1. Here are the criteria: (1) small (G, A, S); (2) at pLDDT 95 or above; (3) touching a helix residue (DSSP H, G or I) at 6+ places or on another chain (Cβ under 9 Å). Tell me which single one S366 does not satisfy.
2. Residues to consider are G317, G279, G257, G284; find the one that is closer than 30 Å to R177 by Cβ and surrounded by fewer than 15 Cβ atoms within 10 Å (Cβ to Cβ).
3. On the given criteria, is A64 within 23 Å of Q239 (Cα to Cα) and touching a Cys at 6+ places or on another chain (Cβ under 8 Å)?
4. For segment 124-132, indicate whether the set of residues that are in a helix (DSSP H, G or I) and buried (at least 20 other Cβ atoms within 10 Å of the Cβ) is non-empty.
5. So which strands (runs of 3 or more DSSP E) stay within segment 145-236 end to end and still have 1 or more residues that are open to solvent by 40 Å² or more (accessible area, probe 1.4 Å) and within 16 Å of ligand 2 (Cβ to nearest atom)?
6. Go through (1) within 25 Å of Q326 (Cβ to Cβ); (2) over 14 Å from the mean Cα position of the chain (by Cα) and name the single condition Q252 misses.
7. Please work out if C27 is more than 16 Å from ligand 2 (Cβ to nearest atom) and either aromatic (F, W, Y) or open to solvent by less than 20 Å² (accessible area, probe 1.4 Å) (or both).
8. I'd like to verify a number: residues in segment 71-101 that are over 21 Å from R9 (Cβ atoms) and either open to solvent by 10 Å² or more (accessible area, probe 1.4 Å) or in contact with a Phe, Trp or Tyr (Cβ under 8 Å, 6 or more places away or on another chain) (or both), how many?
Amino acid sequence: MTKDLEGSRILITGGAGFIGANLVEACLRRGAGRVAVLDCLTYAANPLSLAWARQQKAFAFHQADVVDLPACKKILAEVHPDWVFHLAAESHVDRSIEQPLPFVRTNVQGTASLLQASLLHWQALPQSSQDRFRFVHVSTDEVFGSLEQDGYFREDTPVAPRSPYAASKAASDHLVRAYGHTYGLPYSMTHCGNNFGPYQFPEKLIPLMILRALQGKSLPVYGQGINIRDWIQVEDHCQALLQVAARGRAGQAYVIGARNDRPNLEVVEEICEVVDRLGLTAPGVRQSRDLIRFVEDRPGHDFRYAIDPAKLERETGWRPQREFSQALHETVLWYQENQPWVEECEKSYAGQRLGLGLTSPGGKSS
Ligand code: NAD
Ligand code: TDX
């Protein structure tokens, strides 16, 4: 893996967000020659997530909107990447229920602009560089819709998105395939499950529950907590993305998961146990699980996601390295130890319930 990355030039859109910032670090630590971020810094970006990267000579930051085609062209010309990892997106399902339109703008129109700029860049490359170039489109398992108790998402699972977020990601996937089919743009596409770990904005289940438990606030579990998600530690996801760029086949999709599907209630209970075991139970609380409250369900809540990553394992040799309970323990400690980072997030989000219905017909979520 290191050999593939050494000296290579990489552009990461959405690199100031959760997975993007982890991917930036992974690339820099593995000796990439240039790691550039394109990010417009929405509410979900945290400048502190790139504090370490900014100290590295190989790193560059470009503040730009991925919808802005001239800006994408200019940045591609400047960075001259071998690999583009496209992560910039509106990523939170609950916000897509409140305001779908920003999801269409960034996830669909933004992907279209980046594809157009990437195609023009790729077409102008000499043959040897064209062969090495890869557009890695970071999609999601949510484009496949919802599973019942049995079965797994695979690369050939029919696309059936059910939330505005998932639909906007599925639309962007179609555009990527069309650019590959029509113009020959060498892309690979990934569909990962639920990530957790450092730098995740605390609107998502795991960091929200950790921070609320540490603060002695109620832990809102949607419905009965029986919905199932397939969890992966973010560094394992980043390794998979690098393996796909280096060893995956052009024009192919890869589903990514760590074979770790669990009901939400089980995840929240485990967070409570870790908090208590670490002696971090909030003052006046007997045990953190007493804070759990079952609240009104998410509209259209997908029941189960579960992933069979056999193709990725077979073709690239990737294997997840992080055990769930140990990684969850480390994640609780990370949020407890990174108060300035948490306070930066709290400037734009105070932990309130999101996603019970439409709140604004066309407003921006960022
Ligand atoms: P995130 O919300 O933490 O970060 C998104 C980043 O994109 C932010 O830095 C934001 O500023 C940037 N961005 C948003 N709109 C932009 C625009 N118009 N122009 C430029 N930058 C913009 O997201 P994340 O959780 O890190 O997810 C990254 C990608 O991975 C997304 O495409 C998401 O769909 C996908 N994904 C996420 C998960 C998960 O569990 N978080 C799982 C599978 C796939
Ligand atoms: O307060 C909560 N209580 C609760 O029960 C929150 C925020 C969530 N939930 C439930 C809803 C889901 O079943 O927990 C589960 C996980 O919710 P989220 O963290 O919002 O993630 P999810 O909706 O599953 O989507 C995530 O995985 C796929 C990411 O946000 C997406 O970007 C990714 O594509």
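The values are calculated or read from the model by the stated rules, or taken from the named source; none is laboratory data. The structure presented is a predicted model; accordingly, all values stated were derived computationally and were not measured. Ideal geometry is used to build each Cβ from the backbone, glycine not excepted, and the neighbour counts take in all protein chains shown. Accessible surface is based on the protein model in full, side chains and every heavy atom, while ligands, DNA and RNA are left aside. Shrake-Rupley method; radii C 1.70, N 1.55, O 1.52, S 1.80 Å.
1. It is condition (2) that S366 fails.
2. G317
3. So A64 fails the test.
4. no
5. In segment 145-236, 219-222 are the strands (runs of 3 or more DSSP E) which contain 1 or more residues that are open to solvent by 40 Å² or more (accessible area, probe 1.4 Å) and within 16 Å of ligand 2 (Cβ to nearest atom).
6. (1) is the only condition that Q252 fails.
7. yes
8. Going through segment 71-101 one residue at a time, the tally reaches 12.
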